[in-house]
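Student: What follows is a structure written as C-alpha cells; I'll ask about it next.
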Amino acid sequence: MKKLLLTIVLITVCISFTYSQADYKIYGRVSDSKNNPIPKVKIILKNAENGREIHLETKADGTYEHMFIPHARYQVTFKKEGYRNVVADWDLSRWEEVQVEIKKDISMLTDNEFQEIQDTKLAQEEYNKAYESLTKNDCKNAVKHAQVVIKKFPKFPLSYFIAARCDAIEGKIDDAITNYNKVIELKPDLYEAFFDIAELYFQKDNAEKAAENFKKATELKQDDPEVFYNLGAIYFSKLKKMDEAQVNLEKALELKPDHGIAHKVLGYVLLNKGDIPGAVEHLKKYLEITPDAPDKKDIEALINSAQ
C-alpha cells in the first residue's frame, strides 16, 4: 500500500512538473485612450494550430489574468460593444523550465475615436491634394479638395486658407477676406493669414484694416522685412503717421539693408519730418541699390532740390 501511494505521489509530481513546463500565465490591464479601466472586455485567444479558443473577461478594474495557457501561437481579440476591436498575434510557443509570465496591457479606442482618426487621416490626404493643386495654380481642384476637408472638419483652418488663396487669385476679394477671417478665428497665430488679408484690405483701400493686420503679422513674425516695409508704407502713404512709418521702415532695413524701395519710402518720410540729411542719405542709397530705377531722374531731381 505504501509503495502504491509513493508511486501516485511521484506520478503527480511528474505530471505537475511537466504541466508547468507547458503553460504560460498571461495578465494585464485594458484601458481606454485616457487610461481609464474598461471592464467586461471579452478576450478570445484562438490557437493558430488547432483553432481551440480560450475565453476571458476583464474585471471591474480592467485587469485580466489566466493561468495554464498551453504553448502555442495565438490570435488574440479584445472586444467590447462601442469600442474598436483590438486584434494581435501572440507567440507563446517558447518552452521554459518554469511557467512564463507575460504581461499584456491593452489600450482600446471607442468607435467614435477610431472614426475621428480615420476622418483626420482622410482630411490630411485631401488637404495635401489641395495644397499640391494650389502650387500648380489649379484652383479648381484645390478648392474641391479643400471643401472635402471643410465638410468633414469645419474647424480645420488650413482648408479655409487654401480657399482664401484661390478666391484672391480669382479676384473674389470679399470671399477671400471671409475665408481668411475664418482662418484667423481658428488659428490666430498663422502669420501668413494676417499678411494676406492685410494685402486684400489694402486693395480695397481700407488702410486702417490693412495696417491693423500687418501690425499683427509683425507681432507673429519679427524677421520678415516685407511685412515691416508694407506696414511702414501704409503709415506713410495712407495714414500719414510719420513716426510709425519711420519705425517700421527702419526695422525693415535692419532686417534687409539692401531693401531699395524701403530706403526710398524712408527718404520720403524723413523729408516730411524735416530731416533733410537723413532723407538724402536714404534716397541716394535707393539709387545705389537700384541704379536702373524707372524714377531715377525724379529722385535725382528731388535730391538736388533738397541739398
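Student: When ranked by the protection proxy of mean other Cβ atoms within 10 Å per residue, highest first, what sequence do the peptides 226-236, 286-296, 155-165 form?
Tutor: Answer by packing, highest mean first, reads 226-236, 155-165, 286-296.
Student: What pairs in 172/297; 182/273; 273/297; 182/256; 40/155 have C-alpha atoms more than 29 Å from each other?
Tutor: Listed pairs above 29 Å: 172/297; 182/273; 182/256; 40/155.
Student: Using a Förster distance of 25 angstrom, determine the FRET efficiency expected from the C-beta separation of residue 175 and residue 121, and round it to 0.05.
Tutor: So the FRET efficiency works out to roughly 0.30.
Student: Where does each of 166, 139 land when they are ranked from fewest to most other beta-carbon atoms within 10 angstrom?
Tutor: 139, 166
Student: Can you give the extra length, in nm with one decimal, that the chain gains between residue 298 and residue 208 once fully stretched, where that is 0.36 nm per residue apart less the Cα-Cα distance?
Tutor: Between residue 298 and residue 208, full extension yields an extra 29.4 nm.
Student: While we're looking at this one, here's another question. Rank these for me by crowding, 95, 90, going from fewest to most other beta carbons within 10 Å.
Tutor: 95, 90
Student: Moving to a separate point now. By average Cβ neighbour count within 10 Å, what is the ranking of 62-73, 173-184 from highest down?
Tutor: Averaged packing, sorted descending, gives the order 173-184, 62-73.
Student: Treat every Asp and Glu Cβ in segment 226-271 as -1 and every Lys and Arg Cβ as +1, leave all other atoms uncharged, and give the resulting dipole magnitude about the Cα centre to the nearest 20 debye.
Tutor: Its charge dipole is roughly 200 debye.
Student: Working from Cα positions, state the angle (0 to 90°, nearest 10) between the long axis of helix 2-21 and the longest principal axis of the chain.
Tutor: 20 degrees
Student: Okay, next question. For the residues 30, 247, what sequence is obtained by ranking on other C-beta atoms within 10 Å, fewest first?
Tutor: Lowest count first: 247, 30.
Student: Using Cα pairs under 8 angstrom and six or more residues apart, how large is the relative contact order of the chain, in percent?
Tutor: Relative contact order for the chain comes out at 9 percent.
Student: On full extension of the chain, what length is gained from residue 238 through residue 42, given 0.36 nm per residue of separation minus the C-alpha to C-alpha distance?
Tutor: Fully extending the segment from residue 238 to residue 42 adds 63.4 nm.
Student: From the helices alone, meaning DSSP H stretches of at least four residues, give me the mean residue ellipticity at 222 nm for the chain, per-run term -39500 (n - 2.57), in deg cm²/dmol to the nearest 500.
Tutor: Rounded to the nearest 500, it is -19000 deg cm²/dmol.
Student: Mind pulling the angle between the C-alpha long axis of helix 191-203 and the longest principal axis of the chain? Nearest 10 degrees, somewhere in 0 to 90.
Tutor: Approximately 30 degrees, to the nearest ten.
Student: Hey, which aspartates and glutamates would be in cross-link range of residue 144, C-alpha to C-alpha under 14 Å, not counting anything within fewer than 8 residues on its own chain?
Tutor: 125, 126, 132, 167
Student: So what's the convex hull volume per residue for the Cα atoms of the chain, in Å³?
Tutor: Per residue, the Cα convex hull of the chain comes to 235 Å³.
Student: Okay, next question. Note down the relative contact order for segment 156-307 as a percent, whole number, built from C-alpha pairs under 8 angstrom at least six residues apart.
Tutor: Once divided by the residue count of segment 156-307, the mean separation gives 12 percent.
Student: Right, something else. Using the Cβ atoms and a cut-off under 13 Å, what net charge is assigned to the surroundings of residue 43, where Lys and Arg are +1 and Asp and Glu are -1?
Tutor: Around residue 43, the surrounding residues sum to +4.
Every number here is computed from the coordinates shown, using simple stated rules; none is lab data. Note that the coordinates shown come from a computational prediction; the quantities given were computed from them, not determined experimentally. Ideal geometry is used to build each Cβ from the backbone, glycine not excepted, and the neighbour counts take in all protein chains shown.
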